[in-house]
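Take a look at the structure below.
The values are calculated or read from the model by the stated rules, or taken from the named source; none is laboratory data. This one's a predicted model, so the numbers in the text were calculated from it and none came from an experiment. Every residue, glycine among them, receives a Cβ derived from its backbone with ideal geometry; neighbour counts consider all protein chains shown. Side chains included, ligands, DNA and RNA excluded: accessible areas come from the protein's heavy atoms. Shrake-Rupley method; radii C 1.70, N 1.55, O 1.52, S 1.80 Å.
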Amino acid sequence: MNVYKLAAADGSIFTVEQDIVEQSGTLRNFLSTSGPTETPIPVPNISGPILSRVIEYCQHHRDDPSRRKPREAIPDESDSSDAAIARAIAQMDDYDMEFCKVDQGTLFDLILAANFLDIQPLMDLVGFTVANKMKGKSVEEIRSTFNVKNDFTPEEEQAVRQNNSWCEN
């Protein structure tokens, strides 16, 4: 099995096996274009500690060959979000739940890394975790939890609330 080196944004180098690299659509595409390489593959915008966590996640799930396939097409409108959520939850294990018990900054860095590396199961997991943190909270609670600044004037905020009153509790 081929072994590759990944170079994180901070210069950290990680040696990983091919089955780990194949879980990333971005890295899979890079290697299909450039071919096998002994030169470290740059992974910009992902720090060493976050890349280490992503590699750990991929190593845990290395025995699931479905994670090395190209991303499936986005489901059409007939696929209910409840069904999509149920499928995502069914793929999670205890490790996944523990993996996401991190501080908010790390969680958002994992989202950015999963998105950049195109690791859909990881993106689903961290997205699900963030959604659960938002579930049942008011707009003000969500702003507070995620440090989102309210840049609306009181009039603009009132107009938005009126236009979207259908989705309030």
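Some observations on this one:
- Top-ranked residue in the stretch 112-144 [being open to solvent by 30 Å² or more (accessible area, probe 1.4 Å) and of a type in the set (Val, Ile, Thr); ranked as farthest from the chain's Cα centre (by Cα)]: Val139
- Look at (1) open to solvent by 50 Å² or more (accessible area, probe 1.4 Å); (2) under 15 Å from the mean Cα position of the chain (by Cα) and you find that Asp96 fails only one, number (1).
- Given (1) at pLDDT 95 or above; (2) of a type in the set (Phe, Trp, Tyr); (3) open to solvent by 40 Å² or more (accessible area, probe 1.4 Å), index of the condition Tyr57 fails: (3)
- Counting the residues of the stretch 19-43 that are open to solvent by 40 Å² or more (accessible area, probe 1.4 Å), closer than 24 Å to Cys100 by Cβ and not in a helix (DSSP H, G or I) gives 1.
- Scope the stretch 2-18; condition of a type in the set (A, V, I, L, M), assigned to a strand (DSSP E or B), over 10 Å from Pro40 (Cα atoms) and open to solvent by less than 80 Å² (accessible area, probe 1.4 Å); matching residues: Val16
- Hits in the stretch 115-167 - residues which are under 30 Å from Met92 (Cα atoms) and outside any helix (DSSP H, G or I): Asp118, Ile119, Lys135, Gly136, Lys137, Ser138, Phe146, Asn147, Val148
- Contact map, the stretch 22-35: first residue touching a residue at least 40 places away in the same chain (Cβ under 8 Å), second residue in a helix (DSSP H, G or I) and open to solvent by 10 Å² or more (accessible area, probe 1.4 Å), Cβ cut-off under 6 Å, separation 6 or more or different chains; pairs are Glu22/Arg28; Glu22/Arg68; Gln23/Arg67; Gln23/Arg68.
- Condition check for Pro65: open to solvent by 50 Å² or more (accessible area, probe 1.4 Å), closer than 27 Å to Leu31 by Cβ and at pLDDT below 85: yes
- Any hit, the stretch 145-160, residues being loosely packed, with under 10 Cβ neighbours inside 10 Å, among the hydrophobic types (A, V, I, L, M, F, W, C) and out of contact with any helix residue (DSSP H, G or I) (no Cβ under 7 Å at 6 or more places or on another chain): no
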